[in-house]
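Take a look at the structure below.
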């Protein structure tokens, strides 16, 4: 203990001085934060508007549809993660015990558990608790079922899960028009829909940018650089103000469609660059070997190059999803969704809370929700990265 | 098959390749034609012109911080918007780099506390939406935490902070004089450096380049500055106003604060990664050659780390430039806010946003080009 202190905190006079100053400063900041959370913070505004922050103004008699969709998504996610886990798991290590598994889960998912616990603590009804139990159950069942599936059907399962997710979100929109969605739901669903739709476009653009056809290469490059060179919020404002001009007047698209169009086009340019990196990481010998074995260019691309390239870029794609999840807040300010951030500002303007300076409390809560989501995802992507051994082979 | 037989054109690879590409061009062309046709039909049915004549129409909205009146034309409003964007972006580049490098080195520090603080900072800031930081800086920090002007925070007459802005000491006098002083001082510094290096080589004694250079630069700076009529002004409170120094508008301060905080956390990770990428043998070799800590950093680690860091750093600068458009959310009149406001008053949407896109593309391509030049220079020096 003393040796550790000496080695890490008090190596020299200057070092000790730094330790003392930084230590007292951080203790003070920590004290202020604890006091703010426990004593001075007025959390009434969050407590009253919890439902608004989580699911927006979702009608109460349609809440069953919402819950069913979320449970179904949890189940599909469980199946998909089990299948993906099988793909990447190493066979040599012995299976962990139940205790090890639980500990591992607790270390990995504590931020999520923290915010779910916080929401349950603040909520006054039993609905959220039932939903949490349902989702956790569905994920577990999904993982167990996914583990039992034979290896042959895995790609099919992933595709079915993806389409199932999109279909269930579509089913959800029957109860409550997309344009009226709100809360963190809108952030999460906008990100999920956009990333699943932009993925095929991104792969095509990446292949186009690396193809041997000059015109195709030029078109892909122009598209990618166009969307990477302009800020996202400017594109969203552009969609708000000009998209109506480019479609026949009969179908004027709603705010959600405009947002999804922009997010898909914008993100597919970034996904294309990620996939291009993956394509470049596939050794040239692989292509030459495939050609030597008599494969023509198209099977070479789809059976040899792409599987290896995509496997290498999974962590970067997760990173892109995280930044998309954070960027969905821009849809709130540009297109007027009451998403988590915009809704958080709106509730401080309610009659009973106006003019009391509650911005810091609500923004802290909103920030915690975003942080927990993206921190968990980014740590999972790092784990995946080391599991896949990207860069180490 | 008889070899003298000509390959039919539908099996000729060269023909097929061009046919394929032409087909794609045709598809893209048709899509664009449909969109343009829709645009023409919709514009004429709504009576909205499509030309760029609106640029010389009066803007009909003021930008008070820039002394821009609503009778001035739209193109001047856009010019002011570009200036405001550049103002926040260029200052942001410098501050984000400084803080990012400090935090990145903090993450590599031998001191556990410094390392932990840096890590916590990075993990918090990187995982929160930038827009949330912008809005927090404006609605929370500037409007709630900063005091009213009567109770301003006053740091010994150098920095004055209140809800109306963030004031720092600043240089007064003609801009040409300032430019001359800076250029001459850099020239003097370089001249002194050459002289000291030559002396050190011919007489085989220590060069002391840094102290000599610093002394020469400071001396020239003050000497030229004095004759060019440059002065120094600190902010002070006069009744209900802050006079002297330079006061940053609340919107500008909030946007700059958020951009610097956010970008610094990303730059810190780049710094850490690039320093760690320097081969361990390099550090050991420099220790074996008895270089001290500063020399090791300056001559061994830094040049090699920089080469790794430049491409991702360039990406961060590009992101910072694009993220400056979040000034829209706090009504800081940068380019996006100006164009959107002008569309809201009178300007036709499609041409106005086309101009905005072109300006952003020019700025993006400029930054990319500069980064590429820096990248090439480093590689030539390195190998």
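Filtered by the rule that a residue be farther than 23 Å from residue A:187 by Cα, away from chain B (no Cβ under 13 Å) and surrounded by 16 or more Cβ atoms within 10 Å (Cβ to Cβ), the stretch A:251-284 gives A:275, A:276, A:278, A:279, A:282. Could you list, in sequence order, the residues of the stretch A:209-230 that are over 27 Å from the mean Cα position of the chain (by Cα), free of Cβ contacts under 8 Å to residues at least 60 places away in the same chain and within 21 Å of residue A:309 (Cα to Cα)? Selection gives A:211, A:212, A:213, A:216, A:217. Of the numbered criteria (1) within 30 Å of residue A:119 (Cβ to Cβ); (2) modelled with pLDDT of 80 or more; (3) surrounded by 14 or more Cβ atoms within 10 Å (Cβ to Cβ), the one residue A:34 fails is (3). Could you look through the stretch B:207-243, keep only residues that are in contact (Cβ under 8 Å) with a residue 60 or more places away in the chain and not in a strand (DSSP E or B), and pick out the one that is farthest from residue B:86 (Cα to Cα)? That would be B:240.
Taking the stretch B:101-150 as the range and being outside any helix (DSSP H, G or I) and either closer than 17 Å to residue A:341 by Cβ or more than 7 Å from chain A (Cβ to nearest Cβ) (or both) as the test, the residues that pass are B:108, B:109, B:127, B:128, B:129, B:146, B:147, B:148.
Residue-by-condition table, conditions (1) without any contact (Cβ under 8 Å) to a residue 60 or more places away in the chain; (2) more than 30 Å from residue A:370 (Cα to Cα); (3) touching a strand residue (DSSP E or B) at 6+ places or on another chain (Cβ under 7 Å):
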{"position": "B:123", "(1), (2), (3)": "yes, no, no"}
{"position": "B:128", "(1), (2), (3)": "yes, no, no"}
{"position": "B:143", "(1), (2), (3)": "no, no, no"}
{"position": "B:148", "(1), (2), (3)": "yes, yes, yes"}
{"position": "B:167", "(1), (2), (3)": "no, yes, yes"}
{"position": "B:171", "(1), (2), (3)": "no, yes, yes"}
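When residue B:170 is tested against (1) more than 14 Å from chain A (Cβ to nearest Cβ); (2) within 29 Å of the chain's Cα centre (by Cα); (3) at pLDDT 85 or above; (4) surrounded by 13 or more Cβ atoms within 10 Å (Cβ to Cβ), just one condition goes unmet, and that condition is (3). Among the residues of the stretch A:208-250, those that are more than 7 Å from every other protein chain (Cβ to nearest Cβ) and either part of a loop (DSSP other than H, G, I, E, B) or farther than 26 Å from residue B:356 by Cβ (or both) comprise A:208, A:210, A:211, A:212, A:214, A:217, A:250. In the set (1) surrounded by 18 or more Cβ atoms within 10 Å (Cβ to Cβ); (2) within 14 Å of chain A (Cβ to nearest Cβ); (3) modelled with pLDDT of 90 or more, residue B:343 fails one condition alone, (3). For residue B:55, the criteria (1) more than 14 Å from chain A (Cβ to nearest Cβ); (2) touching a residue at least 40 places away in the same chain (Cβ under 8 Å); (3) surrounded by fewer than 17 Cβ atoms within 10 Å (Cβ to Cβ) hold in every case but one, which is (3). Go through (1) under 18 Å from residue A:203 (Cα atoms); (2) more than 12 Å from chain B (Cβ to nearest Cβ); (3) touching a helix residue (DSSP H, G or I) at 6+ places or on another chain (Cβ under 9 Å) for residue A:291 and report which single condition fails. Only one criterion in (1) under 18 Å from residue A:203 (Cα atoms); (2) more than 12 Å from chain B (Cβ to nearest Cβ); (3) touching a helix residue (DSSP H, G or I) at 6+ places or on another chain (Cβ under 9 Å) is unmet by residue A:291, namely (1).
Condition check ((1) within 27 Å of the chain's Cα centre (by Cα); (2) outside any helix (DSSP H, G or I)) across all residues:
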position	(1), (2)
B:180	yes, no
B:185	yes, no
B:188	no, no
B:194	no, no
B:201	no, no
B:205	no, yes
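Looking at the stretch A:165-203, which of its residues are in a loop (DSSP other than H, G, I, E, B) and crowded, with 19+ Cβ neighbours inside 10 Å? Listed by number, the residues that qualify are A:176, A:181. Of the candidates B:35, B:55, the single residue that is in a helix (DSSP H, G or I), under 17 Å from residue A:243 (Cα atoms) and either in contact with a helix residue (DSSP H, G or I) (Cβ under 6 Å, 6 or more places away or on another chain) or assigned by TED's automatic domain parsing to the domain that holds residue B:346 (or both) is B:35.
Taken together, the criteria exclude residue A:102 from residues that are in contact with a helix residue (DSSP H, G or I) (Cβ under 8 Å, 6 or more places away or on another chain) and either at pLDDT 80 or above or assigned to a helix (DSSP H, G or I) (or both). Here is a check on your reading of the model: is residue A:314 at pLDDT 85 or above and in the same structural domain as residue A:208 (by TED's automatic domain parsing)? It is false that residue A:314 is at pLDDT 85 or above and in the same structural domain as residue A:208 (by TED's automatic domain parsing).
How many residues does the stretch A:310-346 hold that are closer than 17 Å to residue B:131 by Cβ and within 13 Å of chain B (Cβ to nearest Cβ)?
Matching residues across the stretch A:310-346 total 24.
Reported count of residues in the stretch A:104-117, each being more than 17 Å from residue A:140 (Cβ to Cβ), free of Cβ contacts under 8 Å to residues at least 60 places away in the same chain and surrounded by 11 or more Cβ atoms within 10 Å (Cβ to Cβ), is 2. Taking only the stretch A:1-48 into account, find how many residues are over 17 Å from residue B:120 (Cα atoms) and either within 11 Å of chain B (Cβ to nearest Cβ) or out of contact with any helix residue (DSSP H, G or I) (no Cβ under 7 Å at 6 or more places or on another chain) (or both). Residues flagged as over 17 Å from residue B:120 (Cα atoms) and either within 11 Å of chain B (Cβ to nearest Cβ) or out of contact with any helix residue (DSSP H, G or I) (no Cβ under 7 Å at 6 or more places or on another chain) (or both) within the stretch A:1-48 amount to 28.
The values are calculated or read from the model by the stated rules, or taken from the named source; none is laboratory data. This is a predicted model, so every value here is computed, not measured. Positions of Cβ are generated from backbone atoms using ideal geometry, with glycine treated the same way; all protein chains shown enter the neighbour counts.
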